Amino acid sequence: MITRSHTVSTCDGLLSAEINGELVMMDMKAGRYIYLDRIGSVIWSELERPCVVADLCRSLAERYAAPAQEIERDVLDLLEHMKRNDLIQLHY
């Protein structure tokens, strides 16, 4: 389970294109497309370099008018989904 203290980053090998602020990626290994909305695209760009989850949540809370707990819950849910689909890696 990913926590606030984990450091995460994107995995290599994904082709991506931004279309109107949203991201479409192609996972060449699995032969599938992945779609991220505007906020998911912002999170993805933050993960291009290793990032501590707590720092990512704090950065998003500064950008968007939403309760910090809601942002953290949504970020952790998205990161878990990305991890299950081998889109991100954890750094220990």
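The values are calculated or read from the model by the stated rules, or taken from the named source; none is laboratory data. Fair warning: this is a prediction, and the values are worked out from it, not measured in the lab. Cβ coordinates were reconstructed from backbone atoms using ideal geometry, including for glycine residues, and neighbour counts include every protein chain displayed. Areas reflect the complete protein model, heavy atoms only, side chains present, ligands, DNA and RNA absent. Shrake-Rupley method; radii C 1.70, N 1.55, O 1.52, S 1.80 Å.
Sorting E46, E22, E62, E70 on solvent-accessible area from highest to lowest, probe radius 1.4 Å, gives E62, E70, E22, E46. Between the C-alpha center of segment 43-57 and that of segment 19-33 there is a gap of 19 Å. Any idea which of C11, H91, S45 is furthest toward the positive side of the dipole for the chain, if Lys and Arg beta-carbons carry +1 and Asp and Glu beta-carbons -1? Looking along the dipole axis, the top candidate is H91. Normalised by the number of residues in segment 1-54, the mean separation of alpha-carbon contacts (under 8 Å, six or more apart) gives a relative contact order of 44 percent. Local charge for L47 was computed over the other residues whose Cβ lies under 14 Å away, with Lys and Arg +1 and Asp and Glu -1, and equals -4. Over the chain, what is the relative contact order in whole percent, taking alpha-carbon pairs under 8 Å and six or more residues apart? Over the chain, the number comes to 38 percent. The Cβ shell under 13 Å around C57 holds other residues with a net charge of -3, Lys and Arg each +1, Asp and Glu each -1. The residues neighbouring L79, those whose beta-carbon lies less than 12 Å from its own, together hold a net charge of -1 under the Lys/Arg +1, Asp/Glu -1 convention. Normalised by residue count, the chain yields a Cα convex hull volume of 90 Å³ per residue. Within the chain, the longest segment free of exposed loop sites, counting trypsin sites (Lys or Arg not before Pro) that fall outside DSSP classes H, G, I, E and B and have at most 15 other Cβ atoms within 10 Å, spans 30-92. Computed about the Cα centre, the dipole magnitude for the chain is approximately 160 debye when only Lys and Arg (+1) and Asp and Glu (-1) carry charge, each at its Cβ.
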